[in-house]
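Beneath this line is the structure, given in structure tokens, with notes to follow.
The values are calculated or read from the model by the stated rules, or taken from the named source; none is laboratory data. As the structure is a computational prediction, the values presented were derived from the model and not from experiment. Counting neighbours? That spans all protein chains shown, and the Cβs are built from the backbone with ideal geometry, glycine included. For the accessible areas, the whole protein counts, side chains as well, though only heavy atoms, and no ligand, DNA or RNA atoms are used. Shrake-Rupley method; radii C 1.70, N 1.55, O 1.52, S 1.80 Å.
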Amino acid sequence: MKPDSDSSSEYAKVRLPPGPSGSWRPTLQLIRNPRRALESWAREYGDPFLLNALNGPVVVTGREDLIRTIHGQDPSIYAPFATPTIIPLMGNGSMLILEGEPHRRERRLMMPMFHGDRMKAYGANMQQCATTQFEAHRARASSIVTLDLMTDISLEVIVRTIFGGNDRELATRLMDASRKVVASSSPLLFFSKKTHLPFFGFSPWDQWRKAKSQLFKLLDEVIEQRQQSTSQSDDILSMLCGATYEDGQSITREHIYSELMTFLFAGHETTALSLTWAIYHLHKNPLALSSLRQELDSLADESPTNLSSAPYLKATIQETLRIHPILTETLRKLKAPLQLGDYLLPAGMAVAPATVLAHHNPITYKEPELFRPERFIERSYSPFEYMPFGGGHRRCIGAAFASYEMAIVLGTIIKRYELELVDSKPVVPKRRNVTIGPSSGVPIRVLSRRFTDE
Ligand code: HEM
């Protein structure tokens, strides 16, 4: 493999770690069972190791010191990974593919929309979505598929946060269209641009494009309405339509599409999968469930403010994201050489902090297989040991929003209902697209309602 750098002296100094040979086989192994594949390569070749993935060579590490090195670099040495694969999926303006100054100014523009006081304004909406969706699912069948419930909740939360909460009919249409986009996102589309091929309307690419164009048609309608409206709204779409960068330039329609797609995509499936895992682990671990119940029962009320500051609830969410990171690794492409431990990596190669390796390191986390929220109360972990939201200049922009939402949704449901798992079979991680989620929908039964609304 030849590095992008044109300097032959630099090329001579390059020293790469060993790793599995071939490209198709390791990529398929990574798609099929990322944790098993990453752990077995780290055992066989050491940490870090080199993976020649279909979308480019990547040096992978779960070591704290090396992750610190990666996140500690000047962001200008990094470009996003697999941009040619992501652009056709998310569009040119998505934060996921911007780099350098455009990426920095995009984050500065968007950050306030998902932070601090603004975020707290969404709390009541999150709680209302949780209770109405829970009751709707409960009325429909004798058991509830947790993943379906959590998907409906997180989709409604993000749709209402982005588009405003007043028009229920519009919210339902947006939720249906977004659900179809997520359902059509085959994992292969994210791993190689070679899979972006039409086939008489039946290929994964055709399915994705069809779902995406339906959603875009709807977005067009909504943006049109919003731009013509004279009334003031404080939802994210209205903020985006009126937003200007530091230099006074406003954001284009194409760009709004890209960011809306990014928020819809990045912002709901991740949260739904994490909430599903939390319900599963709490009901597999009666001690953890009873500690959480005790804490929730001791709260004066279940207001979003109280729930979001309850320590055991927070630790439960942290432990869920530790044991099952939704993205098993995060990626950056090098624009300049990087000294990573004993290795000198050339420009053109990518580096990947492997969250799943760091989160299951038995030196950092004693008995890493155990679900034990207490570990987050007993001590704190560095951002290079614990990173469910990634790190450095690309750390998830929705981290605070997602943590807040999970506390409110999980706290409200556990405080209000006595539940049990319908199926005693173990649930294991399984790839969905770029995300990893539970292998089943985690069906639950409601045993009783613990109290009625005052
Ligand atoms: C439990 C829920 C979530 C998890 C586990 C999660 C995880 C992640 C991770 C691992 C990254 C990559 C970070 C990196 O490369 O270092 C990321 C990026 C991102 N996330 Fe999240 N996320 C969640 C929720 C959300 C929400 C609710 C939103 C928005 C509403 C969001 C928007 C984004 C965006 C825009 C990026 C790209 C940031 C950039 O490239 O600068 N995420 N997320």
Report summary line: Within region 243-262, the residues whose backbone N lies under 13 Å from a label point placed 7 Å from the Cα of Gln227 along the Cα-to-Cβ direction are 243, 250-257
Query raised in the report: For the peptides 259-266, 167-174, what is the packing order when you average, over each peptide's residues, the other Cβ atoms within 10 Å and list the highest mean first?
Result: 259-266, 167-174
Report task. For region 331-454, with all protein chains present and a 1.4 Å probe, just round the carbon and sulfur fraction of the accessible area to a whole percent. Result -> 53 percent
Requested in this report: Would you mind getting me the FRET efficiency between Ser142 and Asp423? Use the beta-carbon distance for r and R0 = 22 Å, nearest 0.05.
Outcome: 0.95
Query raised in the report: Of all the accessible heavy-atom surface of region 90-199, with the other protein chains kept in place and a 1.4 Å probe, what percent is carbon and sulfur?
Result: 57 percent
Report task. May I ask you to give the solvent-accessible area per residue for the chain, in square angstrom, as obtained with a 1.4 angstrom probe? Result -> 45 Å²
Query - Contour minus Cα-Cα distance for Thr244 and Phe200 (0.36 nm per residue) - result: 11.6 nm
**Report entry** Inter-site label distance for Asp234 and Ser213 at 7 Å from Cα along Cβ, in nm
**Finding:** 4.0 nm
Query raised in the report: For Arg253 and Ser23 in the same chain, what is the full-extension length gain: residue separation times 0.36 nm, less their Cα-Cα distance, in nm?
Result: 79.0 nm
Requested in this report: If a/c stays under 1.5 just call it rounded; otherwise compare a/b with b/c (prolate if a/b is bigger, oblate if not). Do that for the chain, with a ≥ b ≥ c from the square roots of the Cα gyration tensor eigenvalues.
Outcome: oblate
Query raised in the report: So if R0 is 30 Å, what FRET efficiency would His393 and Ser40 give, r being the distance between their Cβ atoms, rounded to the nearest 0.05?
Result: 0.45
Query raised in the report: By its C-alpha gyration tensor, with a ≥ b ≥ c as the square roots of the eigenvalues, how is region 350-454 shaped: rounded for a/c under 1.5, else prolate for a/b larger than b/c, else oblate?
Result: prolate
Query raised in the report: So what's the back-of-envelope 222 nm ellipticity for the chain, counting only DSSP H runs of four-plus at -39500 (n - 2.57) apiece and dividing by all residues, rounded to 500?
Result: -16500 deg cm²/dmol
**Report entry** Alpha-carbon centroids, region 314-352 and region 98-176: separation in whole Å
**Finding:** 28 Å
Requested in this report: Could you work out how far apart the two model spin labels at Leu344 and Asp176 are, taking each label as a point 7 Å from the Cα in the direction of the beta carbon, and quote it in nm?
Outcome: 6.0 nm
Requested in this report: Can you send over the solvent-accessible area of Asp247, 1.4 Å probe, protein chains only, in Å² to the nearest 10?
Outcome: 100 Å²
**Report entry** Candidate lysines for bridging to Lys120, where Cα separation is under 21 Å - those fewer than 8 sequence places away on the same chain excluded
**Finding:** Lys314, Lys415
Query raised in the report: For the modelled label position 7 Å from the Cα of Lys13 along Cα-to-Cβ, which residues of region 41-85 have backbone nitrogen atoms closer than 16 Å?
Result: none
Query raised in the report: For Arg108 and Asp65, what is the calculated FRET efficiency with R₀ set at 41 Å and r taken between the beta-carbons, to the nearest 0.05?
Result: 0.85
